[in-house]
Amino acid sequence: MRYIKLFIIVFLAVSCKKHKVETPDSTAISGLKNGMLVLCEGLFQQNNATLSWIDLSNNTIDNDFFTTKNSRNLGDTGNDIAQYGSKIYIVVNVSSTLEVLDKNTGKSIKQISMLNGNTSKQPRYITFNGSNAFVTCYDGYVDVLDTASLTITQRIKVGDNPEQMAISNNKLYVANSGGLNSPNVDSTVSVIGLSNLQELYKITVGKNPGSVKVDNQGDIYVITRGNYSTIPSRMVRINTQTDQVAQNFSFDASGIEKMGNKFLINFYNYSNSTSNIALFNTENEAIEINNFISTSNITTLYGVVYRSSNNKIYCLDAMSFTNTGYVRVFSGSGIYETSYHVGLNPNNILFYE
Amino acid sequence: MFNKLIVCGLIVIAFHWKVLSQDTIKPLATVSELEQVTITHIVKSTNDNISQDFTRLEILKYQPQDVGAILQKLSGSTLKSYGGLGGMKTISVRGLGAQHTNVVIDGFLVNNTQSGQINLANIQTDNINSISLNTGGRSNYLLPASAYVSGSILTILTFENSFDTNRLQVRFNSKYGSFGEIDNYLAIKKNHPKFFISAFGKYRQANGKYPYSYLNGNNIVSGIRSNNDLKDWYSGFNFGFYLSKKTTFRVIYKNFGANQGLPGSVILYNPFTDQRLISASNSLNFNFNSKIRLLNIRIFSGYQDDKTHYIDPTFLNNSGGISMRYYSQTIHSGISAYRRLGIHSILFGGIDTKFSQLEFIDSKNAEPNRNHTTFIIGGNTNFSKLKAEFQISGQFIQENNNLGERASNVSRYNPFLLIENQEFWKWNVKFTGWYKNSFRIPTFNELYYNGIGNVKLKPEDANQYSFGVNFQPIDKMLKLKITTNSYFSYVKNQILAIPTKNLFVWSMQNIGEVHTRGLEIRMDIQYKLNRNFSLEMNGNYTFQQSLDYSDKFSPTYKNQVAYIPKHTGNGSLTVNYKNSGMIFSSYCSSMKYAMNENISSNIIDGFALFDFGIYSKVKQVNNHEFRIQFNIKNCFNSSYAFVKYYVMPGRSFLISLNYALH
């Protein structure tokens, strides 16, 4: 009996110790607060997508965060990362997986294979609504994932090679790039009704749609990337009441980041390797400041992320794509503050308060 | 992603279109072997400072899969192998790109204007009498002028295309190996005092399903390579006859076909690949050699066509995949000659012109063709203690594109200078110093390929300086020969792919500059105790510091360039007893980087491979030679890769039967 008691005590002690390692308290020790998780895409066929964890309390960087936490690598071409509820979702394009992590520990909850028989679905981006996650797949579908059971419940047929999505007015707007049919690319946005999860119709927006964002007024903005030569990369606005193109803008744009009721419009010019970040007002639909941020210390602008809680702008510098990149931090008014050296081709950031 | 795939597709295609000497002591080669190597129309030099060779007997010993595998054993060369029978293999010599090495078989250049890279896995070794890699200088004078203008020259002489004295000659090789390898080669040659005629054919296949393992984080992942099957074959005939005592005429016809899966790199969590490559080529060459008093002259003309079909059924476009076809043709004609001037000098020269065209079936803006004329003129002379050789070459390249913008024409002159000591001093010490200036013209893919090509490309320039010493301190029952070479080379306007339209559309730019400092040491030991027992040991070591000087402000400035290991080495030991023997050989490579940034995540681990072979020959009776050999490759089952995530096979076995009628 004494032995049983001893056993129970030891067991509890061990369990407690073990338990302690996994409590949110101890993740504070392991660092998952006051920091940022940077998805570094890596390069095609090199299996070098990584997660960088930057601990802002002491400015330390772990550029191998995913592997440290999960004893295996993330895979090939990490395309998108998003947090929803207590989970982190990472879309790994060439590996064709959806990695679901515990937000507090960074440990894998489930790896969802995005293969259709022997063919890769090539997942691209993820967005959420209610209990569902929507994942665009390059085979022409939006997969619906139940975020509780973490299983694909439905595939919604859309246009060719869909890219980013945004939600407005109880509808999901999906950019159909058709990039794999180049030069005969797609030019439509599929509108999916969120109540019946079916494509309602397509809106023609311009060649090779990619980025999609919604503003505070519920308007949808789409970047049509053109053909990289004669047709420039531009932004269009969709009125979500009428689902018609309401406005075509005449400035160069390759990506949109929302900053309150404004947009940060970034543009990287591949022909001369220069970049520009403009401030766009979504109320009067006009550029407010053309060169909002001095990009002179950015080698290859690959994305912009705004964090509202500290009003800072994080520019992702891909360093000519073959060298490890940087996160370059600017104040909300566009003044350069600092840089963090991360992995290869950083493309998105999740912030931890 | 799409364009990434295109880039990948292009790279894969480029890969699949179709890199020094240790054994200067060759007394083990039988007299008949040496006779076969001494081809009447070629004057061969034996300067170990500028060339490295293998003979048929050495090739038999190592049983290499292909020429790529044999060149891996040479110092100064860096092999890049994507794995599997028929998988892409290229050799970079002294830090210059693979396109800086010309391949010449039986005096004819192997052309590839589309990708510029010859897949050395498609050149098999069954029919090779001798193979030699010349880094500087020349081993003979009658190759096409255009062969001498590259950074280095790989020269192959075949059994099928040589005049011989014996009436009937036969070569038959049959190999059976791991991963479904079956490989049969037969060549028959009828010789006559006035002519020879030969016919040959070869077929090989493999399922390529080799086991591999690699490290994913902390986990060792094992798998079996898939979509790595190969079937390839070639056949052809040669004939040659004496028009007069000093004049010969030869005709060479050869066709080649292959159907293979392209396994690609191992992708984590996604094991499926379905890409295939089907290739076919034909070549017909005519050759005329004559000796008119002191003048040796060669006139040649050849035609080569290549068809390639790349298929990717899983590509997510509307037409249900990619099916791309490419047709290219080359016509090449020219004259080479040399003449002795007195007893101390030789004057040589040549001119040839090559017309190449390419049709990309899926392209609406490129159908390129090119006229490439090359001349060389030079001479060498022996002073009392020194020999000097000088060569100047000129190249005139005219570019055309039937469907769109064309590249600029190029005209250039490049010098070559070599000085070596003439007298063999104590220990037969020989010093050789040389300088070579050369360039490579951008390939059709680099200039015109959809979305990737850049018609504004300039040629990639190479400059090489080399100094070598070889000596033979012991030459008795025990023979010892040591060769060392140190070199410096720099490449300017290196053609590299960088993203120019978006991350996925990479395009070609002249942005690279690479400086390479190298050191090669080779040692050959031979010990012959008596008629029955002999030992041979060969070893070489190469140090290569190849640094990126492209951009002072880049994080990779002065970093070791991708895929060049700093240290590589080879060693082999052969024990011969009567008609049997054993061969131990090894290849070692230090770690290298997969990209120019020298950081830990780009490291490809170094490795050491050990091979073992045992052979037995039935005593030669009436010119019949029968040999059986058993080889174990990668004895210790190392997991390794030349190219990141292109996993290589573990331990494998090969049994080979060779019959020769000399």
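The values are calculated or read from the model by the stated rules, or taken from the named source; none is laboratory data. Predicted model, so just to flag it, every value in this text is computed and none were measured. Every residue, glycine among them, receives a Cβ derived from its backbone with ideal geometry; neighbour counts consider all protein chains shown. Side chains are part of the model used for accessible areas, which takes the heavy atoms of the whole protein and leaves out ligands, DNA and RNA. Shrake-Rupley method; radii C 1.70, N 1.55, O 1.52, S 1.80 Å.
Values as computed for the structure displayed
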{"read-out": "FRET E, pair residue B:535, residue A:287, Förster distance 60 Å, beta-carbon r, rounded to 0.05", "value": "0.15"}
{"read-out": "Net lengthening on full extension, residue B:340/residue B:409 (0.36 nm per residue, minus Cα-Cα)", "value": "21.3 nm"}
{"read-out": "Theoretical FRET efficiency, 1/(1+(r/R0)^6), r = Cβ-Cβ of residue B:299 and residue A:227, R0 51 Å, to 0.05", "value": "0.50"}
{"read-out": "Solvent-accessible area of residue A:110 with every protein chain in place, 1.4 Å probe, in Å² to the nearest 10", "value": "70"}
{"read-out": "Centroid-to-centroid separation of the stretch B:374-442 and the stretch B:77-136 [C-alpha atoms, Å]", "value": "20"}
{"read-out": "Distance histogram for the stretch B:390-434 (every C-alpha pair counted, 10 angstrom bins, percent rounded to whole numbers)", "value": "21, 25, 19, 16, 12, 7, 1"}
{"read-out": "Residue B:632-residue B:458 pseudo-label distance in nm [points 7 Å out on the Cα-to-Cβ vector]", "value": "5.5"}
{"read-out": "Rg over Rh, two decimals, the stretch A:151-242 (C-alpha only, Kirkwood Rh)", "value": "0.98"}
{"read-out": "Over chain A, relative contact order from alpha-carbon pairs under 8 Å, at least 6 apart, %", "value": "11"}
{"read-out": "Under 17 Å from the Cα of residue B:430 - aspartates and glutamates, other chains or at least 8 residues apart", "value": "B:23, B:48, B:389, B:420, B:475, B:520, B:524"}
{"read-out": "Whichever lysines have a C-alpha closer than 22 Å to that of residue A:202, once near sequence neighbours (fewer than 8 apart) are set aside", "value": "A:121, A:157, A:171, A:213"}
{"read-out": "28 Å Cα-Cα threshold exceeded, pairs from B:385/B:479; A:312/B:644; B:387/B:481; B:231/B:254; B:61/B:479; A:107/B:566", "value": "A:312/B:644; A:107/B:566"}
{"read-out": "Dipole of the stretch B:192-346, positive direction: furthest Cα of B:197, B:242, B:311, with charges on the beta-carbon", "value": "B:242"}
{"read-out": "Solvent exposure of the stretch B:2-661 as accessible area per residue, Å², 1.4 Å probe", "value": "38"}
{"read-out": "The protein assembly as shown - percent of accessible surface contributed by carbon and sulfur, probe 1.4 Å", "value": "56"}
{"read-out": "Residue among A:290, A:79, A:272 with the largest mean-square fluctuation in a Gaussian network model of chain A, springs linking Cα atoms under 10 Å", "value": "A:272"}
{"read-out": "The stretch B:236-345: mean projected area of Cα convex hull, nm²", "value": "11.9"}
{"read-out": "Net length gained if the chain between residue A:157 and residue A:294 were fully extended (0.36 nm per residue, minus Cα distance)", "value": "45.1 nm"}
{"read-out": "Occluded residues from the stretch A:32-54, i.e. those whose accessible area drops by 30 Å² or more once the chain is not alone (1.4 Å probe)", "value": "A:43, A:44, A:45, A:46, A:47"}
{"read-out": "Convex hull (Cα only) mean projected area of the stretch A:75-163, reported in nm² to one decimal", "value": "5.3"}
{"read-out": "Interface B:A - total buried accessible surface [probe 1.4 Å, Å², rounded to 100]", "value": "3900"}
{"read-out": "P(r) histogram, all alpha-carbon pairs of the stretch B:102-205 included - 10 Å bins from 0, percent", "value": "13, 36, 33, 17, 1"}
{"read-out": "Pairwise FRET efficiency - residue B:222 versus residue B:603, Cβ, R0 = 22 Å, nearest 0.05", "value": "0.55"}
{"read-out": "Net length gained if the chain between residue B:166 and residue B:431 were fully extended (0.36 nm per residue, minus Cα distance)", "value": "91.5 nm"}
{"read-out": "Helix axis angle, A:2-22 relative to chain A longest principal axis, alpha carbon, degrees", "value": "20"}
{"read-out": "Label-point gap, in nm, between residue B:523 and residue B:659 - each point 7 angstrom along Cα→Cβ", "value": "4.3"}
{"read-out": "Of every Cα-Cα pair in the stretch B:2-661, the percent that sits beyond 40 Å", "value": "26"}
{"read-out": "Over the stretch B:567-662, equivalent-ellipsoid semi-axes from the Cα gyration tensor in Å", "value": "37, 13, 11"}
{"read-out": "Reduced Cα scattering model of chain A, Debye log10 I(q)/I(0), q = 0.07 Å⁻¹", "value": "-0.31"}
{"read-out": "Cα-based Kirkwood hydrodynamic radius, the protein assembly as shown, one decimal, Å", "value": "31.2"}
